[in-house]
């Protein structure tokens, strides 16, 4: 898995790509996507970046640099997610992205968690992912109510699917640091 600092441009880029914000006519009262990055620098110093999906407040805390700004609320959608060419289930919206990274000690303890809502019940959503990963040649298999896999670059991932409101699915994707070579 890449260094958490390398994820900062990704987080900023996601906010700009095909997202819905109050600036482009979306409901100004609607929630956006929460983004949280918690990492350790090379010397063990704390690094934190947060974006509040309800207020648009972005906070950046780096060694020697702190900033708080307010940006338009952003709702990340299915097209903003990709594991080896597989996007989120069509019509999904991302509620939260949580990035934890710590390569300051022995091993890589990095993890990315994405929480999303899909507009279908869990089984069809899970089955859609099984088919999509198979079409892209990505190793993924059903384990109980979850889907476990390994991306083409060796990053293990787990997807869980829980019933949501009104026949929707609350899904969680967890990408862990690559297995040691």
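None of the figures in this text is laboratory data; all of them are computed from the coordinates on show. This is a predicted model, so every value here is computed, not measured. As a convention, Cβ positions derive from the backbone with ideal geometry for all residues, glycine included, and neighbour counts pool all protein chains shown.
Measuring between their Cα centroids, the stretch 34-82 and the stretch 111-181 lie 24 Å from each other.
What does the extension gain come out to for residue 176 and residue 43, with contour length at 0.36 nm per residue minus their alpha carbon separation? Present the calculation step by step, with values, prior to reporting the outcome.
On the way: separation 133, 0.36 × 133 = 47.88 nm, distance 2.17 nm.
Here the answer is 45.7 nm.
Please rank 71, 88, fewest neighbouring Cβ atoms within 10 Å first, as an exposure proxy.
Numbers: 71 17, 88 26.
Listed from fewest to most nearby Cβ atoms, that is 71, 88.
Distance between the modelled labels on residue 141 and residue 61, one decimal in nanometres: 4.3 nm (7 Å Cα→Cβ projection).
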